[in-house]
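Peer 1: Pasting a structure below so you can have a look.
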Amino acid sequence: MKNTIIAFSVLASFTAAAQQCNHGGHNHSHSHGNGQASVIGAPVPGLTAQQQALFAAGKAAYEKDFTVAEGLGPLFNRTSCAACHGTPVTGGQDPEITANNVTHFMIENQGNWFLALEFGGPVQQLRSIATEPGGASCTMQPDVVAPLPGLRTSSRHTPPVFGFGLLDAVPDAEILEYQGRKPWKDPSVIGFANAGIELEALVRLQAFSFDITRKQPAGIGRVGRFGWKAQTATLWQFTTEPFNIELGVSTPFFPRENTPNGGPVPAGCGLASAQPNDTGSANSLKLFHFQALLGAPPSKPLTPRARYGAVIFQAVGCADCHRAKLKTGDYHMANPDGSVQRVDALSDKEIFPYSDLLVHDMGPGLEDGRVMGRASGRFWRTTPLWGNRFKNRYLHDGRATTIDQAIDLHGGESARSTQLYEQLSPQQEAALLEFIEGL
């Protein structure tokens, strides 16, 4: 029972700070200097006319059903990005609740982890072009994850991609500054940055260059920020890798055709003539532009009770991981003609995702046995809370249908906050949930 009231003096100690910074800097005033869209699904405010055109073309590609002739398959999960990122608008979460959850799998052997590419990994594809127009006489069957020694599987829920360009624009130093024990966090809360390779810098080997984007040498490590374990460093990789894995469209960066055992494509399967399918990364760029220029979701104006909930959010330690404010840096992106432009609408902005983008130990209850980079089974990236008001599933596998359930399942580094949450009075709990659900 949540019937032990946190002492008023404890909460009062946070009131002045909360009033001064408007719960971590965000005052819900709906000013758009922070990348927050006026309506859900709108682009980042302040785009140029040319950037707005790139966003519109990207949205059309995101909603497009790709065909076998365009590279779909031979194994795939859906024919469009919006089929899994579509609630309540294009770019949102899975419209079919958990029906579209993706099964990740890998194999552990004597402490070493493998992506199981030879068995069709790293994710299970549930559909084949054998039933698609243009699939010819293909008889290839969808993936079946066979029981193998050391096999580890993990079900992953499709996240919304609102404000992802803003997260891509956050400098590594901004994230690294928050990792480890800090005086403003409870001692039990640590967190570390996962890492990935700066994939954009490798694009210079192709038709255009992203080198100016980070001003870093090719192949240098970069802090991860996308994916449930922050295993993906850049939005470009978050675009091109799922394009290949989920739709089966091969790209210059992920050229492999997905087959059940990682072997050659059987004779009789109709495949796109272009190899890789996405010649010149034309469609990859469109999908990237949509995700990069999609605005942060608008939040609800704070009621008096939600303002009180913001104070409680600080008091029980939610903000130790769900960091309210981040600052973006100087952000550039590639144009279809190969040139590179600075995006002022994404650069040098204070944003409010309510995440430190670090990976934390969430306890044995959320253990999935899947290792990604430095993040083992119990470790998960702090999920950004912006856009909560548009979600109906929570946690990596969508098992929680309410914020209350999601909080109750927090363990590990967040155990103390969960315990304090359990001690809230009904009125305090209602205030906290109203605040979180309004983000």
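The values are calculated or read from the model by the stated rules, or taken from the named source; none is laboratory data. These numbers come from a predicted model, not from an experiment. Reconstructed Cβ throughout: ideal geometry from the backbone, glycine too, with neighbour counts over all protein chains shown.
Peer 1: Taking into account only those residues within the stretch 16-50 that are aliphatic (A, V, I, L, M) and loosely packed, with under 12 Cβ neighbours inside 10 Å, which is modelled with the lowest pLDDT?
Peer 2: Among residues in the stretch 16-50 that are aliphatic (A, V, I, L, M) and loosely packed, with under 12 Cβ neighbours inside 10 Å, the one modelled with the lowest pLDDT is ALA16.
Peer 1: How do the strands (runs of 3 or more DSSP E) wholly within the stretch 330-416 filter down when requiring 2 or more residues that are in contact with a Gly (Cβ under 6 Å, 6 or more places away or on another chain) and not aromatic (Phe, Trp, Tyr): which remain?
Peer 2: 359-361
Peer 1: Only one residue in MET140, MET106 is assigned to a loop (DSSP other than H, G, I, E, B) and in contact with a strand residue (DSSP E or B) (Cβ under 6 Å, 6 or more places away or on another chain). Which one?
Peer 2: Numbers: MET106 fails: assigned to a loop (DSSP other than H, G, I, E, B).
MET140 is the lone residue from the list that is assigned to a loop (DSSP other than H, G, I, E, B) and in contact with a strand residue (DSSP E or B) (Cβ under 6 Å, 6 or more places away or on another chain).
Peer 1: Assess whether GLY165 counts as being farther than 25 Å from ALA296 by Cβ, at pLDDT 95 or above and of a type in the set (Gly, Ala, Ser). Steps first, please.
Peer 2: Numbers: farther than 25 Å from ALA296 by Cβ: no; at pLDDT 95 or above: yes; of a type in the set (Gly, Ala, Ser): yes.
No; evaluated as a whole, the condition is false for this residue.
Peer 1: ALA319 - would you say it is of a type in the set (Gly, Ala, Ser), farther than 24 Å from LEU72 by Cβ, in a helix (DSSP H, G or I) and modelled with pLDDT of 95 or more?
Peer 2: Spelling it out, ALA319 is indeed of a type in the set (Gly, Ala, Ser), farther than 24 Å from LEU72 by Cβ, in a helix (DSSP H, G or I) and modelled with pLDDT of 95 or more.
Peer 1: Out of GLY387, GLY411, I need the residue that is in contact with a Ser or Thr (Cβ under 9 Å, 6 or more places away or on another chain) and either surrounded by fewer than 18 Cβ atoms within 10 Å (Cβ to Cβ) or of a type in the set (Val, Ile, Thr) (or both). Which one?
Peer 2: None of the others qualify; the one that does is GLY411.
Peer 1: Mind checking which pairs have a first residue in the stretch 405-418 that is under 11 Å from ASP186 (Cα atoms) and a second that is among the hydroxyl-bearing types (Ser, Thr, Tyr), Cβ under 7 Å, 6 or more apart or different chains?
Peer 2: That search, which allows pairs on different chains as well, returns GLU413/SER188; ARG416/SER188.
Peer 1: Applying the selection to the stretch 370-424, what residues are farther than 26 Å from ALA99 by Cα and among the polar types (S, T, N, Q)?
Peer 2: Within the stretch 370-424, SER414, SER417, THR418, GLN419, GLN423 qualify.
Peer 1: Sort out which residues of the stretch 168-192 are under 15 Å from the mean Cα position of the chain (by Cα) and either farther than 29 Å from ALA99 by Cα or at pLDDT below 90 (or both), and write them in order of number.
Peer 2: ALA169, VAL170
Peer 1: Just for the stretch 344-381: of the residues that are surrounded by 21 or more Cβ atoms within 10 Å (Cβ to Cβ) and among the β-branched types (Val, Ile, Thr), which one is farthest from the chain's Cα centre (by Cα)?
Peer 2: My answer is ILE351.
Peer 1: Could you grab the pairs with beta carbons closer than 9 Å, sequence gap of 6+ or different chains, first residue in the stretch 110-135 and closer than 19 Å to VAL249 by Cα, second one of a type in the set (Phe, Trp, Tyr) and surrounded by fewer than 18 Cβ atoms within 10 Å (Cβ to Cβ)?
Peer 2: GLY121/PHE114
Peer 1: Out of the residues in the stretch 114-144 meeting the condition of being among the aliphatic types (A, V, I, L, M), farther than 19 Å from LYS229 by Cβ and buried (at least 17 other Cβ atoms within 10 Å of the Cβ), tell me which one is modelled with the lowest pLDDT.
Peer 2: MET140
Peer 1: Now for a separate question. Taking the stretch 356-394, which residues are polar (S, T, N, Q) and either touching a residue at least 40 places away in the same chain (Cβ under 8 Å) or under 17 Å from LEU235 (Cα atoms) (or both)? So that I can check it myself, show each step before the final result.
Peer 2: Kept after step one, since they are polar (S, T, N, Q), are these residues of the stretch 356-394: 376, 382-383, 388, 392.
Once the filter is applied, which keeps residues that are polar (S, T, N, Q) and either touching a residue at least 40 places away in the same chain (Cβ under 8 Å) or under 17 Å from LEU235 (Cα atoms) (or both), the stretch 356-394 yields THR382, THR383, ASN388, ASN392.
Peer 1: Hey, another quick one. Among the residues of the stretch 320-329, is there at least one that is over 30 Å from THR153 (Cα atoms), crowded, with 17+ Cβ neighbours inside 10 Å and among the hydroxyl-bearing types (Ser, Thr, Tyr)?
Peer 2: Among the residues of the stretch 320-329, at least one is over 30 Å from THR153 (Cα atoms), crowded, with 17+ Cβ neighbours inside 10 Å and among the hydroxyl-bearing types (Ser, Thr, Tyr), which makes the answer yes.
Peer 1: Then there's this: Quick one: how many residues across the stretch 90-104 are free of Cβ contacts under 8 Å to residues at least 60 places away in the same chain and touching a Ser or Thr at 6+ places or on another chain (Cβ under 8 Å)?
Peer 2: Final tally of qualifying residues: 3.
Peer 1: Mind checking which residues of the stretch 260-310 are surrounded by fewer than 23 Cβ atoms within 10 Å (Cβ to Cβ), among the charged types (D, E, K, R) and in a loop (DSSP other than H, G, I, E, B)?
Peer 2: The one that is surrounded by fewer than 23 Cβ atoms within 10 Å (Cβ to Cβ), among the charged types (D, E, K, R) and in a loop (DSSP other than H, G, I, E, B): LYS300.
Peer 1: In addition: Report yes if some residue within the stretch 76-84 is closer than 30 Å to PRO260 by Cβ and more than 22 Å from the chain's Cα centre (by Cα); otherwise report no. Talk me through it step by step, then tell me what you get.
Peer 2: Initially, the stretch 76-84 is screened for residues closer than 30 Å to PRO260 by Cβ, giving 76-84.
When the remaining residues are screened for being more than 22 Å from the chain's Cα centre (by Cα), the result is none.
No, there is no match, as no residue in the stretch 76-84 is closer than 30 Å to PRO260 by Cβ and more than 22 Å from the chain's Cα centre (by Cα).
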